[in-house]
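Data block below; observations after.
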Amino acid sequence: MNIIDRQTFVISINCATFATSALGVEVKSQVSLPMNLRFAADEMILKNISYNSGTTQDVADVVQIWCNKTNDGLIGSFPNGGGGNKLPVFCQHDEHFRISNSFQTGTFVLQLQQTGSGGSFSTVASYSPQPLISSYPNGSQTTYGIVTITLEFVKLKNKELY
């Protein structure tokens, strides 16, 4: 086995906290988490994405997740609870992402971006980067539930193997 160390993080994000404040100030749908790993990680593995819209009124969309530490940037997506679908979403993953310049200590940033599948775009398709879920072109937020992301950081014995 090429993995010599691993550390798992479960990140929960309450999207309702991104709603525009009473003063009309937009709160960006971005989280910055200080992290301190036991080792310098070479790779990040996306293990799971779960989303529960609860009783909120999401605008139907697929939310994509962007990360500042991986070479790829976009690491996954999930459908929100719009369009009357109030069932929780559980997406099991095992996607491996190389980390640029390894990562041990610093700020880990995640952005929740909308894709426009909710009909707010006049285009047939969209591509990265996208506006954040808290800043739709018409100023309204699209996703209000709780998303939980399980990530595993690993140190590789041989970085040449992938």
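Bear in mind these aren't lab numbers, they're just calculated from the coordinates by the rules spelled out. In this text the structure is predicted, and so the values were computed from the model without any measurement. Cβ coordinates were reconstructed from backbone atoms using ideal geometry, including for glycine residues, and neighbour counts include every protein chain displayed.
Straight-line reach from Lys86: which lysines have a Cα under 17 Å away, not including same-chain ones fewer than 8 places off?
Straight-line reach from Lys86, under 17 Å: no lysines qualify.
Per-residue counts of other Cβ atoms within 10 Å, averaged by peptide: what ranking do you get for 102-111, 64-73, highest first? Intermediate values should be presented prior to the final figure.
Values: 102-111: 15.8, 64-73: 17.5.
Order by mean packing, descending: 64-73, 102-111.
I'd like to compare 2-11, 36-45: which one has the highest average count of other Cβ atoms within 10 Å, and what's the full order after that?
36-45, 2-11
Provide the packing ranking of 93-99, 145-151, i.e. peptides ordered by the mean count of other C-beta atoms within 10 Å per residue, highest first.
The peptides rank, most packed first, as 145-151, 93-99.
Quick one: order Glu152, Glu160 by neighbouring beta-carbon count within 10 Å, fewest to most.
Numbers: Glu152 18, Glu160 6.
Ordered by Cβ neighbours within 10 Å, fewest first: Glu160, Glu152.
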